Structures are given as structure tokens and as C-alpha cells.
Amino acid sequence: MNLEIKHFQISKVGTHTDSRGAKHFFSSEKLQAVADEYNRRKAAKGKSAPLFIGHPSMLKTPPKPLGLVTELTFSDGKLYAEAYSTDELTDLIRRGVYKHCSAGFDLLKGGGLKLNHVAFLNNPAVKGMDALDFDAGQAGYITFETEICQFSEPEYPSEAHRLDAYARAYMQEHPQADYTAAVRACLHLTKYR
């Protein structure tokens, strides 16, 4: 397995609404503290936050990690991750299957945050992050664009895999939907046959 080091934005200063509709203010101090806590924890315990497709808490089955965050930096109001990405994740992003990322945080005692994971998806809660520029010739750096763009559909090994991918994407955009409801919605919305 090849791993490429990538650098991309995962959050920014501002008020953001989470998947449950709650608003949170992310100050410069709070995001700098997230970076500092992560880098200290990583150095002391060697534990890295994984990169996933989707947020694990919103999926029926645990996703497999497709990379690991090695370091966080905060600069000019933006929180960045430096991470090792697998060929699979790199390919999915290059093909435009996933256009955005979303940081998953855990609450710390005292009100702070710690990075738990980074999820790649198509409808992040934090809008307006840096645009994706993930060309093969781009010296290993990625960022994420602000709008969902049309992209060519990847090839799936079977129609069942295709429907599963549609349903998982639907669940990302409609967190209240369970997997069965997402499949039904996809069947209805796409006139799937």
C-alpha cells in the first residue's frame, strides 16, 4: 500500500451548525488549542486520528480508515491537517467522488475539543473552506472546495454496490434517515431500476 502525505483544511474560525442543528463558535484560540492538543497527544501517545469516508457515528457499519492525520496546524483562521492518505482515498478525491471533508471532534472536560477523525463527504457542515486542487502533479497537497460540483460516476462492481453508494451519500445529506429509508429514497428519487 502506498501512502502519500497530504495537507488540507479541516475547519475554520466562525459559527458552524453541526449535523444535529446545534450551533458552535470556533474561535482562533479554540482551533489553535485543538491543534496544540492533537500534536501533544500524538507525540506522547502516538495515536493518530483516522481518515474515513463519512462520519462513523452516522454509518451502520464502521468504515475502514483510509489514512491517518500526522499533524495539525492553525494559520490565518484555518485549521489544517497533514495526513497520510491511501491510494484508495487519493483516487476517490481525484475522481471527484468526494469533494469535501469534515472534522469530527470530541468534547473535552472544560469545553475544549479534540480531533477524533476526519470524514470525507459531499455536504459538510462547515461551508466555504479552501477549494480542492488535487492534481496528480500537485506535490501532495489537497484542499477542499466550497460548492458541490457535478462529477462523473465511478464504476461499481455491481448494481447493489451502486445503490449502496447512493444510499450512503443520501444518509450523509439527510442525517435523520436510516439506511432503509435512504435506499427507498434513492429508489424513488433516481427512478432506479
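Dipole magnitude for segment 24-123: about 280 debye, using +1 per Lys or Arg Cβ and -1 per Asp or Glu Cβ, origin at the Cα centre. A dipole drawn for segment 14-125 from +1 and -1 charges on Cβ atoms has a positive end, and of GLY46, GLY96, SER28 the residue lying farthest that way is GLY46.
Below 12 angstrom from the Cβ of TYR38, what's the summed charge of the other residues (Lys, Arg +1; Asp, Glu -1)? Result for the local shell: +1. Each Cα pair under 8 Å and six or more residues apart adds its sequence gap; the mean of these over the residue count of segment 49-106 is a relative contact order of 25 percent.
Computing FRET efficiency as 1/(1 + (r/R0)^6) for GLU71 and ARG184, where r is the C-beta to C-beta distance and R0 is 45 Å, gives about 0.60. Computed over segment 1-96, relative contact order equals 37 percent, with contacts defined as Cα pairs under 8 Å that lie 6+ residues apart.
With a Förster radius of 35 Å applied to the C-beta separation of ASP36 and ASP91, the computed FRET efficiency comes to 0.60.
Taking Lys and Arg as +1 and Asp and Glu as -1, the other residues whose beta-carbon sits under 14 Å from that of THR180 total +1.
Coordinate-derived values only; no laboratory data. Since the structure is predicted, the reported quantities are computational estimates derived from the model, not experimental observations. Heads up, the Cβs are rebuilt from the backbone with ideal geometry, glycines too, and the neighbour counts pull from every protein chain shown.
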